[in-house]
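First comes the structure, then the notes that go with it.
No value in this document is a laboratory result; all are computed from the given coordinates. Keep in mind that this is a model prediction, so the values were computed, not measured. Cβ atoms come from the backbone with ideal geometry, glycine included; neighbour counts cover every protein chain shown.
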Amino acid sequence: MEDSPLSRRRLLWGAAGAAGTALAVVGLPRLTGPGEQQKAAPANPPRQTPVPAGPSTGLRRDSSVDYAPAVWTDASPSNYTPSNRPEETPIEYVVIHLTTDFLPIMLATFQDPEERVSAHYVISATGTRIAQCVRERDVAWHSNSVWYNHRSIGIEHEGWIDQPLYADEMYETSAVLTATICAKYGVPVDRNHILGHVEIPESTHEDPGPMWNWDKYMKLVETAHRRIRT
């Protein structure tokens, strides 16, 4: 995720408060299981219209999300590139991010057409909620690299680089999502294809940071991938 200037955080706080209220009222469902600047995408109407969950919530429940446990929380069309992957471009990587901000602020950021940033998925710190903000077929702007963006799925995790511990449930929820993506698109389950934002060439970001337990995470992804494949 982009490093957020404090000024942007202050500007977004009002919008985030509204989004936070929507989250509290509507709620993302609790799960039962586990530097290149881009031009704004044309504001084309979405190819699938989600069904509104309620008035003025900002959240939409949509049975056609790419990953069943997720709730559709659309990013602004100005913050991603419409595409038709993997037909147009193969999906070869999963990129792991930390939000370095609260979940409602990230959702508000992705919905702000001035931000020029998005990710496909955002997972809450507790691992109990997943929002999908960009379709997997489309190109989210999450890695600061046009080349990697076109070939990857970006997953944000609610958390901070200096946080001493991430919840087991968040690791488990994320691992199943990543394993599902890998199985779906034939992405190898290894550290050459499951990357941190910091590992993207010429990245200016440090997430997911030194506290992210890659050994633990990869074991969970491998286990989930074997279950999915059998």
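Miscellaneous remarks
- Estimated vicinal HN-Hα couplings, Hz - the stretch 191-202 in sequence order (Karplus 6.51, -1.76, 1.60; Gly, Pro = x): 6, 7, 10, 10, 10, x, 3, 4, 8, 5, x, 6
- From least to most packed, judged by other beta carbons within 10 angstrom and beginning with the fewest, Arg151, Arg116 follow the order Arg116, Arg151.
- Counting other Cβ atoms within 10 Å as a rough exposure proxy, the listed residues Met218, Met106 run Met218, Met106 from fewest neighbours to most.
- Overall form of the stretch 170-217 per C-alpha gyration tensor (a/c, 1.5; a/b vs b/c): oblate
- At 0.890 mPa s and 25 °C, Stokes diffusion of the stretch 107-190 via Kirkwood alpha-carbon radius, µm² per second: 179 µm²/s
- Using a Förster distance of 41 Å, the FRET efficiency for Ala183-Thr204 (Cβ separation, nearest 0.05): 0.80
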